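The values are calculated or read from the model by the stated rules, or taken from the named source; none is laboratory data. All figures in this text were calculated on a predicted structure; none of them were measured in a lab. Neighbour counts run over all protein chains shown; Cβ positions are idealised from the backbone, glycine included.
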Amino acid sequence: MKGLLLKLAITATVCTLLSSNPTVAQVLPPAKKAEHVDITKGPALELARDDFAIIRWTTNNPGGTDVHFGVVHYGTDPKDLSQAAKSPIRLNRTHRETIFRVRIDGLKPQTTYYYKVTSTESNGKSDGVESPVNQFTTPGPGERIVAYPPQPDPQPK
């Protein structure tokens, strides 16, 4: 009889664990929003090839929804930044800073592009920060520019 009761107790425990929904317990309310979001590093070109570029920048942690988007508005005319690229990022609530990286595809070789960056919560609400207009020029076909991490200076011969 003891063995049967033990089997029933173990079965009941296992069934309870298997039928519970642990993901519900992990959903947290949005983090407290930062009073003011500032770009602390960048924005800057991280990498460029003849047809794409990656722009990177760092802000203090904006808080709010865990999922944010880094957004780059760009174009070949500094007064017409009507194209946009964006990338999602999941904030780490324990970090003071957030690094955004956005890939811009469909670029033309040896062309100067102008851009500014911003970030939004997953619901589209702006974090209230926007950079000044910056620029980069894509390299020729088959070439690349690696700006981050910084490359060491070549040794003199």
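Numerical summary
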| quantity | calculated |
| --- | --- |
| Options 76, 111, 118, 98: the member that is of a type in the set (Val, Ile, Thr), crowded, with 19+ Cβ neighbours inside 10 Å and within 27 Å of residue 139 (Cβ to Cβ) | 118 |
| Residues being at pLDDT 85 or above, surrounded by fewer than 15 Cβ atoms within 10 Å (Cβ to Cβ), not polar (S, T, N, Q) and not in a loop (DSSP other than H, G, I, E, B) - total across region 17-42 | 1 |
| Looking only at region 82-95, and only at residues there that are among the hydroxyl-bearing types (Ser, Thr, Tyr) and at pLDDT 90 or above, the one that is surrounded by the fewest Cβ atoms within 10 Å (Cβ to Cβ) | 82 |
| Where a residue in region 50-79 is over 19 Å from residue 32 (Cα atoms) and its partner, wherever it lies, is small (Gly, Ala, Ser) and outside any strand (DSSP E or B), with Cβ under 8 Å and at least six apart | 50/140; 50/142; 51/106; 52/106; 57/131; 73/82; 75/82 |
| Candidate set: region 43-60, residues that are surrounded by fewer than 21 Cβ atoms within 10 Å (Cβ to Cβ) and among the polar types (S, T, N, Q); chosen: the one modelled with the highest pLDDT | 58 |
| Test: residue in region 82-91 that is at positive phi, part of a loop (DSSP other than H, G, I, E, B) and within 16 Å of the chain's Cα centre (by Cα) | no |
